[in-house]
Amino acid sequence: MPPRHSVPKSRFGLALGVGATLIALTGAQIASAATHDSSGSNATSNRRAVHSSTYVATAAKANPPIRYRALPLVKPHRGGNVVYLTFDDGPNRVWTPRILALLKRYHARATFFVIGRNVRSYPTIVTAETKAGHGVQNHSNTHPNLRRIHPDTVLAYRQIRPVNSLIRRLTGHIATCLRPPYGSFDLRVRKIAGGLGLRLALWTLDTVDWSHPGVAHIVRVGMRARGGSIVLMHDGVGGVQTYRALGRILAGLSKRGYVFRALC
């Protein structure tokens, strides 16, 4: 009879065999799991790599390298009897249609420098401007100081080019001019705008109507216009003062023999 705590050889051999089998199975499972994890990890890495390369390719296509080209500023010929009326910061739901009606009464053409966010709100007004024979040009997407916008890609592809695209989609015309908000620009802004096909368009007479200085003040500045003058007004923020002053400016300058054409 074997000792109380001993294991028979047959049972001991069986235990060793079972243990070895379990160890072997466990090792195989671990190896299989490792292989599965490795293949899964590789697959995930491959998917991420494909996604990343697709994203980079899409971004590169959407935002091609910036071309830097400084174009001449818009400077119409001085003299003659042509005055250039320009309106910034629109379209405005209330005042732009009224300004369009006034311009039509005097057979006047003007240029509207539009803000992208306002264009998205009132696209039919932009279409109406074009149908009436007026120019529709770029005044940036959200009206920032363009000199303070960095890097160059943000300036080009978030502030300038989106408005070009909106203008082309709504009017069928390609924008050719950019009026930088506040008239603020430097050589960098000019080169980026030029790379997108835009010349900078400023002004020679500023009515400061955005500050609501009174109808008489706006009229006084507007009546200083001579042949080749570029008059700055605002359909977006000028309000009733701009509207009332415009009627008097159109009437007064027309009596002096001036005509009104789009700047660009």
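Please determine whether any residue of region 167-187 is part of a strand (DSSP E or B) and either in contact with a strand residue (DSSP E or B) (Cβ under 9 Å, 6 or more places away or on another chain) or buried (at least 22 other Cβ atoms within 10 Å of the Cβ) (or both). Yes: region 167-187 contains one or more residues that are part of a strand (DSSP E or B) and either in contact with a strand residue (DSSP E or B) (Cβ under 9 Å, 6 or more places away or on another chain) or buried (at least 22 other Cβ atoms within 10 Å of the Cβ) (or both). On the given criteria, is VAL231 of a type outside the set (Ser, Thr, Tyr) and at pLDDT below 95? The answer is no for VAL231. If you go through region 203-218 and pick out every residue that is touching a helix residue (DSSP H, G or I) at 6+ places or on another chain (Cβ under 6 Å) and in contact (Cβ under 8 Å) with a residue 40 or more places away in the chain, you end up with 0. Go through the residues of region 77-88 one by one and say whether even a single one is assigned to a strand (DSSP E or B) and in contact with a His (Cβ under 7 Å, 6 or more places away or on another chain). Yes - at least one qualifying residue is present in region 77-88.
Please go through region 130-151 and pick out each residue that is on the phi > 0 side of the Ramachandran plot and surrounded by 15 or more Cβ atoms within 10 Å (Cβ to Cβ). SER140, HIS143 - these are the residues of region 130-151 that are on the phi > 0 side of the Ramachandran plot and surrounded by 15 or more Cβ atoms within 10 Å (Cβ to Cβ).
Would you be able to say whether some residue in region 140-148 is assigned by TED's automatic domain parsing to the domain that holds ASP89, small (Gly, Ala, Ser) and closer than 20 Å to TYR68 by Cβ? Yes, the conditions are met somewhere in region 140-148. Among the residues of this structure, TYR157 counts as one that is in contact (Cβ under 8 Å) with a residue 60 or more places away in the chain, in a helix (DSSP H, G or I) and among the hydroxyl-bearing types (Ser, Thr, Tyr).
For region 149-190, filtered to residues that are touching a Leu at 6+ places or on another chain (Cβ under 9 Å) and of a type in the set (D, E, K, R), the residue that is nearest to LEU232 (Cα to Cα) is ARG179. Annotation: of all residues in region 113-129 being surrounded by 17 or more Cβ atoms within 10 Å (Cβ to Cβ) and more than 12 Å from the chain's Cα centre (by Cα), the one that is farthest from THR142 (Cα to Cα) is GLU129. When restricted to residues that are in contact with a helix residue (DSSP H, G or I) (Cβ under 8 Å, 6 or more places away or on another chain) and under 12 Å from LEU85 (Cβ atoms), region 219-231 contains 3. Of all residues in region 211-259, exactly one satisfies the criterion of being outside any helix (DSSP H, G or I) and touching a His at 6+ places or on another chain (Cβ under 7 Å), namely GLY228.
Return yes or no: is LEU198 buried (at least 20 other Cβ atoms within 10 Å of the Cβ), within 27 Å of VAL94 (Cβ to Cβ) and touching a residue at least 40 places away in the same chain (Cβ under 8 Å)? Taking the combined requirement at face value, the residue does not satisfy it.
For the residues VAL154, VAL208, the requirement of being touching a His at 6+ places or on another chain (Cβ under 8 Å), surrounded by fewer than 15 Cβ atoms within 10 Å (Cβ to Cβ) and at pLDDT 95 or above singles out VAL208. Reported count of residues in region 94-152, each being among the basic types (Lys, Arg) and in a strand (DSSP E or B), is 0. Checked against the criterion of being touching a Lys or Arg at 6+ places or on another chain (Cβ under 8 Å), at pLDDT 85 or above, among the β-branched types (Val, Ile, Thr) and under 20 Å from VAL163 (Cβ atoms), the candidates THR96, THR86 yield just one match: THR86.
The values are calculated or read from the model by the stated rules, or taken from the named source; none is laboratory data. In this text, all values refer to a predicted model and were calculated from it rather than measured experimentally. FYI the Cβ positions are ideal-geometry reconstructions off the backbone, even for glycines, and counts take in every protein chain you see.
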